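Encoded as structure tokens, the structure appears first; notes follow it.
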Amino acid sequence: MATANHREGQDEPESEDEVYEVVDLTEYARRHQWWSRVFGSSSGPIAEKYSVATQLMMGGVTGWCAGYVFQRVGKIAATAIGGGFLLLQMANHSGYVQVDWKKVEKDVNKAKKHLKKKANKAAPEINTFIEEATDFIKRNIIVSSGFVGGFFLGLAS
């Protein structure tokens, strides 16, 4: 049977003697990141700062991957654009296609003016992005230099 102070289905009031451990999830995440197990522990008091070798390796590997992909995509794009232009010239020379170069020049100039207008409107956003990117590079100079080196190696391979 239930007493007047304690009814069924209700918990007893918490006593002041109970102690709860508070877990700071941000600190836990900083100490238990997957790359900490792979590359070693953090080298500085700031989160995500690792040894110079680790930072260079991470930047170099990501840079190499980006450079390699950039090289492959660039070759494909250059081949497609150059091949298309070559075919267009051959078709024009053979008489299959007549290109109105005056109209092409007029349309290109019109597009340049339109892009210039849009660029002037977008200047504050671009400047903000450039400032943020510069600040990121300054704060992460080792990773950034590793990325640049890896990028050039990726372009060369």
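Each reported figure results from applying straightforward, stated rules to the coordinates on display, with no laboratory input. All values derive from a computational prediction rather than experimental measurement. Note: ideal-geometry Cβ built from the backbone for every residue, glycine included; neighbour counts use all protein chains shown.
Observations on the structure shown:
- Taking every Cα-Cα distance in segment 52-156 and sorting them into 5 Å bins starting at zero, the pair-distance distribution P(r) comes out as 2, 11, 9, 11, 12, 14, 13, 10, 8, 5, 3, 1, 0 percent.
- Set of lysines near K103 by C-alpha distance (under 29 Å), chain-local residues within fewer than 8 positions excluded: K112, K113, K116, K117, K118, K121
- Percent of C-alpha pairs per 5 Å bin, segment 55-96, short to long: 5, 21, 13, 13, 10, 11, 7, 7, 5, 4, 2, 1
- The stretch between I130 and L86 holds 12.1 nm of extra length on full extension. This uses 0.36 nm per residue minus the Cα-Cα distance.
- Where labels lie 7 Å past Cα in the beta-carbon direction, separation of V69 and D17 in nm: 6.0
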